[in-house]
1. Is it the case that segment 171-181 has a residue that's open to solvent by 10 Å² or more (accessible area, probe 1.4 Å) and either over 20 Å from I92 (Cα atoms) or part of a strand (DSSP E or B) (or both)?
2. Looking only at segment 233-280, how many residues end up being part of a loop (DSSP other than H, G, I, E, B) and buried (at least 16 other Cβ atoms within 10 Å of the Cβ)?
3. If you take the residues of segment 127-167 that are surrounded by fewer than 16 Cβ atoms within 10 Å (Cβ to Cβ) and assigned to a helix (DSSP H, G or I), which of them is modelled with the lowest pLDDT?
4. Look through segment 110-136, keep the residues that are among the aliphatic types (A, V, I, L, M) and under 12 Å from the mean Cα position of the chain (by Cα), and return whichever of them is nearest to D220 (Cα to Cα).
5. Quick one: how many residues across segment 76-100 are touching a strand residue (DSSP E or B) at 6+ places or on another chain (Cβ under 6 Å) and either charged (D, E, K, R) or closer than 17 Å to E55 by Cβ (or both)?
6. So which residues in segment 25-36 are within 16 Å of L254 (Cα to Cα) and touching a residue at least 24 places away in the same chain (Cβ under 8 Å)?
7. Does segment 187-197 contain any residue that is open to solvent by less than 40 Å² (accessible area, probe 1.4 Å), touching a strand residue (DSSP E or B) at 6+ places or on another chain (Cβ under 9 Å) and of a type in the set (S, T, N, Q)?
8. Taking S209, is it more than 17 Å from K131 (Cα to Cα), assigned to a loop (DSSP other than H, G, I, E, B) and open to solvent by less than 70 Å² (accessible area, probe 1.4 Å)?
Amino acid sequence: FKSIYFSKSHMGKSFAVIGDPINHSLSPNIHSAAFRELNLDSSYIGYRIPKGELESGVEGLKKIKISGFNVTIPHKIEMMKYLDKMDESCSIIGAVNTVVNNEGTLKGYNTDMDGFLEPLKKRNISIKDKKILLIGAGGAARAIIAGMSKEKAEEVDIANRTTKNAEELSEFATSIGLSTNVKKIEEIKNLQNYNIIINSTSLGLKNESSPISFEQINQDSVIYDIVYSPMNTDFIKKAKDKKLEVIYGYEMLLGQATRAFEIWHEMKAPYNAMKKALLGGF
């Protein structure tokens with residue numbers, strides 16, 4: 001009868017992404033492709049938890065002994081209340097997007113910062129001592145600022161439509177040792193001084209036009225859009241017209257997914273299989 005009691009490590013593990021809405025999430029495709037590639041007996045589903053129902057949702061996940069889960073909008077900040085432990089990235093950024101469940105003890109991580117930095121590192125683009133323009137001051141912007149601070153950027157200009165969020169982000173940057181200036185988006189005309197320009201707003205999701213014009217720009221600038229669908233936003237198209245180096249939003253998504261995979265499974269993520277599944281989703 002011994003053989004009935006498999007050790008826990010051989011049993012199928014289950015993972016999920018929680019948020020609302022969730023049906024558009026590409027994470028189940030990406031992680032399922034990784035499991036197939038490595039023959040892992042694991043499953044990954046999208047699990048809708050509406051705003052205001054997080055506590056009971058998390059209890060439900062513990063009951064089914066989920067091994068780990070990703071957290072997306074609107075729960076990334078509130079989820080911190082239900083963690084037993086968190087790693088440094090999580091406490092610095094003040095949001096969680098990856099959780100490990102170790103027999104009922106929940107530990108949180110934030111893989112957005114590493115996810116953001118990954119495509120830059122893949123191209124050997126250094127942030128150290130660079131001047132950067134960050135457009136937008138929403139949720140993703142904190143993880144980006146944390147990454148810039150870690151990699152020792154010289155200075156970041158934060159351009160936003162409303163200055164209130166940009167000022168809060170700037171205070172956060174100062175608190176972690178990064179020098180920033182707050183600008184209104186309309187003031188940004190001359191882009192000659194920037195080495196890297198990042199769009200962290202959701203502009204582009206619905207094919208809106210680029211938040212800035214690329215008339216006056218340094219030809220060595222790197223243009224990075226964190227919107228991943230559509231892949232070629234107006235921001236990216238305008239940069240390509242100018243023959244600038246571009247980094248796509250899907251690369252950040254992939255960077256944070258591979259990092260989450262590595263946290264859960266303690267092995268190297270199959271990057272190419274995950275990339276293929278992600279791009280097949282467009």
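1. yes
2. Final tally of qualifying residues: 5.
3. Across segment 127-167, the extreme among qualifying residues is K164.
4. L117
5. The qualifying residues number 7.
6. Within segment 25-36, S25, L26, S27, N29, I30, H31, S32, A33, A34 qualify.
7. no
8. no
The values are calculated or read from the model by the stated rules, or taken from the named source; none is laboratory data. Model, not experiment: these values are computed from the prediction. Cβ sites come from the backbone with ideal geometry, for glycine too, and all protein chains shown count toward neighbours. These area figures cover heavy atoms from the full protein model, side chains too; ligands, DNA and RNA do not enter into them. Shrake-Rupley method; radii C 1.70, N 1.55, O 1.52, S 1.80 Å.
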